[in-house]
Structures are given as C-alpha cells and as structure tokens.
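The values are calculated or read from the model by the stated rules, or taken from the named source; none is laboratory data. From a predicted model like this one, the values you see are computed outputs, not experimental measurements. Note that we place each Cβ from the backbone using ideal geometry, even for glycine, and neighbour counts take in every protein chain shown. Calculation scope for accessible area: heavy atoms of the full protein, side chains included, ligands and nucleic acids excluded. Shrake-Rupley method; radii C 1.70, N 1.55, O 1.52, S 1.80 Å.
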Amino acid sequence: MPTHLTARRSPALSGRVRAPGDKSISHRALIFGALATGVTEIEGLLEGDDILATAGAIEAFGAKVERLGEGRWRITGQGGFKQPAGAIDCGNAGTGVRLLMGAAAGYPVTVTFDGDASLRKRPMKRVTGPLADMGARLDWQGVEDRLPVAVAGGCLSAIDYVQTVASAQIKSAILLAGINADGVTTVSEAEPSRDHTERMLRAFGVEIGVLPVGGGWRVSLQGGQALTGTAVAVPGDPSSAAFPLAAGLIVPGSEVTVEGVMLNPLRTGLFETWREMGADVTVSNRRMAGGEEVGDVTARHSALKGVVVPPERAASMIDEYPVLAATAAFAEGATVMRGIGEMRVKESDRIALMAAGLTACGVRVEEEPEGFTVFGGPVRGGATVTTHGDHRIAMSHLVLGIAADAVVAIDEAGMIATSFPGFVELMRGLGADIATSE
Ligand code: S3P
C-alpha cells in the first residue's frame, strides 16, 4: 500500500538546514571513480535511491564500492568497466542510465540496461543514436527508443556532435564514450548545459577543451586518456534546496536558510527568477567546495509577482519549473514559462502533471505544448494530487500545501527518496505540517 503524505497550512517556518548532496555530481563521482585507476574518496554523496542504483551498477561493472560512513564512500576503480554478470537496473535514474551507457560503450562489454516503469517510458535514442554513430551496437529488447536495451561497446570512433537540445546527459554520455574512442570527440551546444562532467573529468586528470562559440560552447576531448582516482567533495543540491526555500518564500513570516548550496551559474536559474519575482533570496558565506562555488541561501517570506521566464534560462533550471510553478501560484499575476518542452520527458510529463495538480488545487493554469502559464491568486488546495511516481511533482505539491487554504495530499511518497531522502523530516524540522497516512 503506498504511503500518502498530506501538507497543511503551517505557521511561519524557520531554521537552518543542509541540502542533500547534489544528484548530478553524485552520479558522476561514482561513475568516474569506477572508470579511474586507484581510489576515489567521496564526501557528501547523496544517498538517494537514484544514486544507490548507480553504486550498484558500478559494482557490477567491477569497481570496489565501500560505504565508510554517512555520505562517505570509497570507490576503487579498475581503470574501466568489466563485463557485468547480469542486466544493469538503473531504477528511476535518467542520468544514471544515460551516463553509464556512454561509459560502457567504450569497453568490449555487452550490457542490458533497464529501469523502473517511469525510466522505461523515457527516450533513450537521444543517447544511443550518437553512441551508435561512434560504433556501439544496440539491441532494443522491447520497443525501439525505450529500455530495456542491450549495448555492445568497444572499438569506437570519435564524432563531432551538435546538440539540438541543451542536455548535459547527452553531452556527458558522448564525452564518456569519447574517452575510449579513436580521435577527438566534440560536443557543441548553442545553449550551455550544466558542466559538471567537464569540471570533474579534469579533476580526474582528463584534458578537456572548452571553446566559447556564440552563446554556447564546443567541448572536446582526445580519446585514449586515463582517469586517476581523486577526492570528491559533493556540494549541496540546488534542485533539492529549492523546496525548503520555496516554502520559506510562500509561508508568511518565514525565514529559511539552506547551507552549502552549489551556486554553479548553470544551475541557479531558479534563484535568479525568484529574485525577478521580488523574492527575498540572499546568499552568504560564499566559498569553494569540491571545485564548485557554494553558499548559504536564505529565503524570507516575500510578496511575489508573476514574471515571464526567459526561455534561454531553461537549461539552468529545467528541474526547478515544478517548484517555481508552486511558488508562482502565490504570486500576483501570471508567470509565463516557455521553451520547456524537455519537461515532458523527465521522470514524468511535468508540464501535464503540474498543470493538473495546480488546477485540482484551484489554481488557474494554461498549458501549451512547450510550456505553461500559472496565474497566481488564492490557493484553495483540498485535493489529492497524482504524481506518477515523480519525486519533484510530489515535493512541489507538498510545498504548495503548507501555504494553501485546505490540505493537499499526494498519492505516493516513496519516490521522494530518489533525490531527497529525509525530505519530510527536514521540512517538519522547519515547522511544516506534513503528515503521513496509509
Ligand atoms: C542532469 C541533466 C538534466 C537534468 C537531470 C540531471 C545531469 O537532464 O534534468 O535531472 O546530471 O546531467 P538533461 O541533460 O537531459 O536535460
């Protein structure tokens, strides 16, 4: 029986909390550690289900994986991937499966990749297409473009790939395959996507070129390079920090600080947008951690106004539109979000589910093929929201519920642990009225 969660209008929230480790960086730390020779010590690893699936996968590919303590993991890499005994189940994790496919394609292994019901619905050809162009062989086990798929790797040739969507997952998969390809692999993107792979590959000793081209860049690496194990300190995830901060903005009288949040400019589009909406969001104690700038982010209750979010900002906040939509419901006027068709192929169709959930809570929403507009006003609540097992849809509606007139329930809570284990306890610690029911 799935666990339901209910969120009720809460008194002012206050407190300081730490965001869980960044999901993007956690996947990469494990995968790069497995590809490397020697020891990679990781601190602050996100111990969410997505990451645990990747940890299981790299173990199956031959890495030694040890958990030393909370968030402290030691990976002993074999300098590459070995043939795993069985299929690789990536659970709910799109980043996990796509990066692992790219990495595995560089080795003479034949691997079946699979995932849960949500991951089986997501497009895979965006990654397997370029990998096939490099020489990988694919065998779709059911429907083309969907998991499960068997990937046979080895003997790859470099390609020049021009991205049609700003996707760090596609870019990363190609670059990881390029490490073992013959020649120089390049990926060009007109709009930059998150650059954690580029930064972290350098930390593992890989030479990687980044050339600005127009508003974007061209990333290149020579095949045949080796990774050397290193220490990785995982900064706090801005995509997770967004939920307690959003709650701070919409519950009257609140002040919430999330410590150690990564401030990579390719991830902070939401904070910029909130500020344009009139949000009191400030950053203190800026410092460097794990090769990234981090800071303590404070959100205080604010009178928000609707804005038009520039579509070119989408890549820097693609996972944050659900929680932005929840805060936009409390703003004065319309918040217009366009150029975000990619949201429809995330863990769920996030445009459709946010539109349905907000509408059920009495918020006016206009849905478009590649975006949606949320009209702020009184938020009635009083609905049970369908999440299709999407963690961010679940958390966004719980945040909405703590400032809505009537209780908001979500149909399934278990998936929150994919990215934010301890979310409910953390929110309760700030004063949010979130309860569990069977
Ligand atoms: C991620 C990239 C994004 C993002 C995902 C994590 C990554 O996906 O939505 O949650 O770690 O590279 P796309 O690159 O497909 O946009």
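Key figures for this structure:
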item	result
Options PRO130, TYR107, ALA435, ranked by Cα towards positive dipole end of the chain, top entry (Cβ charges)	TYR107
Peptide ranges 158-168, 67-77 listed from the most packed, as the mean C-beta count within 10 angstrom indicates	158-168, 67-77
With eigenvalues of the C-alpha gyration tensor scaled by 5 and rooted, region 273-338, Å	24, 16, 9
Region 23-233, relative contact order [Cα under 8 Å, separation at least 6], %	20
Net charge over other residues, Cβ less than 11 angstrom from the Cβ of ASP433 (K, R count +1; D, E count -1)	+3
Rounded to 10°, Cα long-axis angle of helix 94-105 versus longest principal axis of the chain	10
Debye intensity ratio in log₁₀ form over the Cα atoms of region 78-128, taken at each q of 0.18, 0.21, 0.33 Å⁻¹	-0.56, -0.74, -1.40
Among 401-413, 105-117, 42-54, the order from most to least packed when residues are scored by Cβ within 10 Å on average	42-54, 401-413, 105-117
Descending semi-axes in Å of region 37-175, equivalent ellipsoid built from Cα gyration tensor	24, 17, 15
Percent of alpha-carbon pairs separated by more than 29 Å within the chain	44
Of all accessible heavy-atom area on region 23-233, the percent that carbon and sulfur account for (1.4 Å)	49
Crossing angle, helix 168-178 versus the chain [Cα axis fit, 0-90 degrees, rounded to tens]	10
Volume of the Cα convex hull of region 232-312, divided per residue and given in Å³	82
Normalised convex hull volume, region 102-184, alpha-carbon set, Å³ per residue	82
Pairwise centroid distance, computed over Cα atoms, of region 85-140 with region 316-344, Å	30
For peptides 243-252, 340-349, 143-152, sequence by mean Cβ density within 10 Å, most packed first	243-252, 340-349, 143-152
Spatially near lysine pairs across the chain, Cα under 24 Å, sequence gap of 8 or more or different chains	13
Cβ-defined net charge surrounding VAL127, 12 Å radius [Lys, Arg +1; Asp, Glu -1]	+3
Overall dimensions of region 141-286 as given by Cα atoms, namely Rg and Dmax in Å	19.2, 61
Region 1-41 and region 347-424: distance between their alpha carbon centers, rounded to Å	20
Average accessible area per residue (Å²) across the chain - probe 1.4 Å, nucleic acids and ligands excluded	35
